[in-house]
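Novice: Structure in structure tokens, see below.
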Amino acid sequence: MSLPPPTFAKDDEDDAALDIQDPPLSPDSPPTATSKVSISSDDDISPPPADLPRRSLCTTRGVPPIRYQDYMAYSVDPIPIPTKFSQATGDPNWDRAMDVEFEALEENHTWDLVPRPPPTVPVIGSRWVYNLKFLPDGSLERFKARVVAQGVCQEYGIDFEETFAPVAKMLTVRSLLAVASMRGWPLFQLDVKNAFLHGELKETVYMERPPGYTRGTPDQVCLLRRSLYGLKQAPRAWFDKFHSTILTLGFQQSLNDPSLFTRHTGAGLVVLLIYVDDMIITGDDSAGITALTDGLHASFNLKELGFVDYFLGLEVKRSSAGILLYQTRYVDDLLETARFAECTPVSTPMEMNLKLGRESGDLLPDGGKHYRSVVGSLIYLTSTRPDIAYAVQIVSQFMSSPRTDHLAAVHRILRYLQGTREVGLFLPSGSLVLQAFSDSDYAGCVDTRRSTTGWCVRLGDSFISWRCKKQDRVSKSSTEAEYRAMSDVSSELVWLRRLLGDLGVDCDLPLQLYVDNTSAIQIAQNPVLHDRTKHIEVHLHYIRDLVRDGILRLFHIRSEDQIADLLTKSFSASRHFYLSRKLMMRDPHQFGGGC
């Protein structure tokens, strides 16, 4: 039976809305000059240029280059952040920040002053932590000071027990924004001031008075009534308080992400997603949204931030075409920290056909501290950049003992980001069909000969989930490697369907999975037992149950149309750019403004 191919957003219609021009699709030709991404195809992966420019060997009619002419330079010293109370006191800005903190602590009745307990009862210390808070445009918002308990001195079973507190998954954030984009829901952001101070402690905790606190006598200490920053159980206490409050407002906690709360009303649906003290509220019931906001105001000190434009380091831009998630500020900070702000861009995040092993190159002189810091930042960047997921997955395998060749690969990723620093993930308005694409790179690891799994899931044309991961077993054939990838993404599809159900999206069955290996499809659709497949673990055959029960349907797709290819290997510049566009990577300057 002939199976229908997957449907893609037409490039001409998409580009008409976003004013984007495609590069040529020839695998050997680079992007054209009309491309919005201006990057070089240079494959050199040398370190960034030195601070001093190279002296020119030529002149024009005896006139030296402009860099050798006299000029005036001005610099503004960054605001120093104190590390202890003695450095901050006396500065009016930091003094005011500490006064605001003391006012919040007293308003919440955070502690009582009591006589010091017997020596057998532990009393933990306290200290000040200072920081600066910036607005989304990078300007200074305020000076921030926090009294922090030294929870490192706490003992399990005496002054703390359970510490776990859930936070929203980044996948849930993307899914919520995608649904809001497709259904035209408004997106509001709220922040709870001094969130941890709202938590109620169940344990008895004594703390030394913080520096600068003049109330009481020297022989008194603080008996904590509410949770405080630094306590091991503080996140748990805050979430328990929020959970009990939101349930009294008629909301239900999702079983698929405990940070997601929903309420069905006669007028529609109200959704709340929380990450520690940052919240997104959306839905199609405007009166219900207002009632929720009022109810939260009655219990907590809230700050309404208006429409979502910056959440968890993600910049959010909305237009009539959809929502764009990008991390330009994060990329700029990363390039500045890594000293690659002035580097020469390249067109791909990894050299084509590059194979790295554990022994590639020499050990780094610093033991890899800088390497781990940069790669850790790159991992978070993949929240909106699936186009670098494969390269980041490769370099993250060498965190314990990185070498010079591994660092060179990291440098190339940074140079690619320099040329694509403003590119983000586009979540267009459209249908709500759930589709997945899976692929694998057979025996790609030079050290273990394990294969690489790559898959991505989209809702309509919005890609909300993807994975690039080395498989945990050696596959005996490319078919087995593909089958492992299919089984992995099938579990994600089932969970995503339930999560989207919480958001009011009823995904039709069967769910669609596109694979470019017909043998793997046959194994999933038929209970065959071959010599080369009989060893496959039982749990991987979960996909057979999904196919048999009509939950999942498998489609064959041509390799040249397989979007998940970008998550399993590196490509030429034109092919990489083509697949990136199919993954809906876009530039924020191609958007209109407003919500």
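The values are calculated or read from the model by the stated rules, or taken from the named source; none is laboratory data. This structure is a prediction, so every number in the text was calculated from the model and none was measured. Glycine gets a Cβ as well: all are built from the backbone with ideal geometry, and neighbour counts include every protein chain shown.
Novice: Looking only at the range 119-151, which residues are farther than 24 Å from Asp91 by Cβ and either part of a loop (DSSP other than H, G, I, E, B) or within 26 Å of the chain's Cα centre (by Cα) (or both)?
Specialist: Within the range 119-151, Pro119, Thr120, Val121, Pro122, Pro136, Asp137 qualify.
Novice: How many residues are out of contact with any Lys or Arg (no Cβ under 8 Å at 6 or more places or on another chain), surrounded by fewer than 22 Cβ atoms within 10 Å (Cβ to Cβ) and within 24 Å of His297 (Cα to Cα) when one looks only at the range 172-191?
Specialist: Residues that pass the stated criteria total 3.
Novice: Among the listed residues Thr293, Thr348, which satisfies the condition of being at pLDDT 95 or above, out of contact with any Gly (no Cβ under 9 Å at 6 or more places or on another chain) and under 30 Å from Gly184 (Cα atoms)? Working first, answer last.
Specialist: Details: Thr348 fails: under 30 Å from Gly184 (Cα atoms).
Only one candidate passes the filter, namely Thr293.
Novice: Output the residues belonging to the range 390-405 that are within 17 Å of Val346 (Cβ to Cβ) and over 22 Å from the mean Cα position of the chain (by Cα). Step through it out loud before you land on a result.
Specialist: Keep residues of the range 390-405 that are within 17 Å of Val346 (Cβ to Cβ), which gives 390-392, 394-395, 405.
Within the range 390-405, just Asp405 meets the criteria.
Novice: Count, please, the residues in the range 578-595 that happen to be modelled with pLDDT of 95 or more and of a type outside the set (A, V, I, L, M, F, W, C).
Specialist: 4
Novice: Looking at Ser377, is it outside the structural domain of Leu566 (by TED's automatic domain parsing), in contact (Cβ under 8 Å) with a residue 40 or more places away in the chain, surrounded by fewer than 22 Cβ atoms within 10 Å (Cβ to Cβ) and among the small types (Gly, Ala, Ser)?
Specialist: In short, yes.
Novice: Six or more apart or on different chains, Cβ atoms under 8 Å: show the pairs whose first residue is in the range 533-556 and more than 22 Å from Ser475 (Cα to Cα) and whose second is in a helix (DSSP H, G or I) and hydroxyl-bearing (Ser, Thr, Tyr).
Specialist: Qualifying pairs under 8 Å: Leu546/Ser490; Leu552/Ser490.
Here's the yes/no breakdown for (1) surrounded by fewer than 24 Cβ atoms within 10 Å (Cβ to Cβ); (2) in contact with a Cys (Cβ under 7 Å, 6 or more places away or on another chain); (3) at pLDDT 95 or above; (4) under 19 Å from Leu354 (Cβ atoms):
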{"residue": "His406", "(1), (2), (3), (4)": "no, no, yes, yes"}
{"residue": "Gln435", "(1), (2), (3), (4)": "yes, no, yes, no"}
{"residue": "Asp447", "(1), (2), (3), (4)": "yes, no, no, yes"}
{"residue": "Gly454", "(1), (2), (3), (4)": "no, yes, yes, yes"}
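Novice: Say whether the condition of being outside any loop (DSSP other than H, G, I, E, B), within 24 Å of the chain's Cα centre (by Cα) and within 30 Å of Val179 (Cα to Cα) is met by at least one residue in the range 362-369.
Specialist: No, the conditions are met nowhere in the range 362-369.
Novice: Just to be sure before I move on: is Gly322 closer than 25 Å to Glu422 by Cα and touching a strand residue (DSSP E or B) at 6+ places or on another chain (Cβ under 9 Å) in the structure I sent?
Specialist: Spelling it out, Gly322 is indeed closer than 25 Å to Glu422 by Cα and touching a strand residue (DSSP E or B) at 6+ places or on another chain (Cβ under 9 Å).
Novice: Tally up the residues in the range 391-404 that are outside any loop (DSSP other than H, G, I, E, B) and over 22 Å from Asp333 (Cα atoms), please.
Specialist: The number of residues fulfilling the criteria is 5.
Yes/no per residue for (1) modelled with pLDDT under 95; (2) part of a loop (DSSP other than H, G, I, E, B):
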{"site": "Asp508", "(1), (2)": "yes, yes"}
{"site": "Tyr514", "(1), (2)": "no, no"}
{"site": "Val528", "(1), (2)": "yes, yes"}
{"site": "Arg532", "(1), (2)": "yes, yes"}
{"site": "His535", "(1), (2)": "yes, yes"}
{"site": "Leu540", "(1), (2)": "yes, no"}
{"site": "Ile543", "(1), (2)": "no, no"}
{"site": "Gly550", "(1), (2)": "no, yes"}
{"site": "His576", "(1), (2)": "no, no"}
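Novice: If Val167 satisfies every condition in (1) within 30 Å of Ser431 (Cα to Cα); (2) among the hydrophobic types (A, V, I, L, M, F, W, C); (3) not in a loop (DSSP other than H, G, I, E, B) but one, which is the exception?
Specialist: Of (1) within 30 Å of Ser431 (Cα to Cα); (2) among the hydrophobic types (A, V, I, L, M, F, W, C); (3) not in a loop (DSSP other than H, G, I, E, B), only one is false for Val167: (3).
Novice: If I ask for residues that are within 20 Å of Asp387 (Cβ to Cβ), touching a Ser or Thr at 6+ places or on another chain (Cβ under 9 Å) and crowded, with 19+ Cβ neighbours inside 10 Å, which ones from the range 307-320 would you list?
Specialist: Leu314, Glu315
Novice: Just the residues that are of a type in the set (Phe, Trp, Tyr) and outside any strand (DSSP E or B), please, taken from the range 420-458. Outline the logic, then answer.
Specialist: Step one: filter the range 420-458 for residues of a type in the set (Phe, Trp, Tyr), giving 426, 437, 442, 455.
The answer is Tyr442, and nothing else.
Novice: Output the number of residues of the range 273-289 satisfying the condition of being closer than 20 Å to Leu171 by Cα and either over 27 Å from the mean Cα position of the chain (by Cα) or outside any strand (DSSP E or B) (or both).
Specialist: Initially, the range 273-289 is screened for residues closer than 20 Å to Leu171 by Cα, giving 273-283.
After this cut, where a residue has to be either over 27 Å from the mean Cα position of the chain (by Cα) or outside any strand (DSSP E or B) (or both) as well, the list is 276-277.
Counting residues in the range 273-289 that are closer than 20 Å to Leu171 by Cα and either over 27 Å from the mean Cα position of the chain (by Cα) or outside any strand (DSSP E or B) (or both) gives 2.
Novice: Answer yes or no as to whether Arg467 is assigned to a strand (DSSP E or B), of a type outside the set (Val, Ile, Thr) and surrounded by fewer than 23 Cβ atoms within 10 Å (Cβ to Cβ).
Specialist: Details: assigned to a strand (DSSP E or B): yes; of a type outside the set (Val, Ile, Thr): yes; surrounded by fewer than 23 Cβ atoms within 10 Å (Cβ to Cβ): yes.
Taking the combined requirement at face value, the residue satisfies it.
Novice: Looking at Leu529, Leu540, Leu459 in this structure, which one is in the same structural domain as Ser570 (by TED's automatic domain parsing) and crowded, with 21+ Cβ neighbours inside 10 Å?
Specialist: The conditions single out Leu459.
Novice: What's the number of the condition Arg329 fails, among (1) under 23 Å from the mean Cα position of the chain (by Cα); (2) at pLDDT 95 or above; (3) closer than 30 Å to Leu427 by Cα?
Specialist: Unmet for Arg329, out of (1) under 23 Å from the mean Cα position of the chain (by Cα); (2) at pLDDT 95 or above; (3) closer than 30 Å to Leu427 by Cα: (2).
Novice: What number of residues within the range 292-306 satisfy the criterion of being crowded, with 17+ Cβ neighbours inside 10 Å and farther than 17 Å from Thr282 by Cβ?
Specialist: 1
Residues are listed down the side, and each one gets a yes or a no for (1) part of a helix (DSSP H, G or I); (2) free of Cβ contacts under 8 Å to residues at least 40 places away in the same chain:
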{"site": "Arg372", "(1), (2)": "yes, yes"}
{"site": "Ser383", "(1), (2)": "no, no"}
{"site": "Ala408", "(1), (2)": "yes, no"}
{"site": "Gln418", "(1), (2)": "yes, no"}
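Novice: Kindly provide the set of residues from the range 87-101 that are out of contact with any Asp or Glu (no Cβ under 7 Å at 6 or more places or on another chain), within 13 Å of Tyr213 (Cβ to Cβ) and surrounded by fewer than 16 Cβ atoms within 10 Å (Cβ to Cβ), ordered by number. Step through it out loud before you land on a result.
Specialist: Narrowing the range 87-101 to residues out of contact with any Asp or Glu (no Cβ under 7 Å at 6 or more places or on another chain): 87-88, 90-101.
The next check asks that each one be within 13 Å of Tyr213 (Cβ to Cβ); those that pass are 98-99, 101.
Answer for the range 87-101, where residues must be out of contact with any Asp or Glu (no Cβ under 7 Å at 6 or more places or on another chain), within 13 Å of Tyr213 (Cβ to Cβ) and surrounded by fewer than 16 Cβ atoms within 10 Å (Cβ to Cβ): just Asp99.
Novice: Looking for whichever is assigned by TED's automatic domain parsing to the domain that holds Val205, touching a residue at least 12 places away in the same chain (Cβ under 8 Å) and assigned to a strand (DSSP E or B) here; the options are Leu255, Leu269, Leu292, Leu228. Which one fits?
Specialist: None of the others qualify; the one that does is Leu269.
Novice: Right, another one. For the range 259-284, which positions are among the small types (Gly, Ala, Ser) and surrounded by fewer than 18 Cβ atoms within 10 Å (Cβ to Cβ)?
Specialist: Residues of the range 259-284 among the small types (Gly, Ala, Ser): 259, 266-268, 283.
Hits for the range 259-284 are Gly266, Ala267, Gly268.
Novice: Find all pairs meeting these conditions: Cβ atoms under 8 angstrom apart; at least six residues apart or on different chains; first residue within the range 120-132 and assigned by TED's automatic domain parsing to the domain that holds Pro210 and closer than 10 Å to Val148 by Cβ; second residue among the hydrophobic types (A, V, I, L, M, F, W, C) and surrounded by fewer than 20 Cβ atoms within 10 Å (Cβ to Cβ).
Specialist: Filtered contacts from the range 120-132: Gly125/Cys153; Ser126/Val148; Arg127/Phe85; Arg127/Val148; Trp128/Phe85; Trp128/Val148; Val129/Val148.
Novice: If you take the residues of the range 408-433 that are hydrophobic (A, V, I, L, M, F, W, C), surrounded by fewer than 22 Cβ atoms within 10 Å (Cβ to Cβ) and farther than 20 Å from Asn353 by Cα, which of them is modelled with the lowest pLDDT?
Specialist: The extreme case among them is Leu432.
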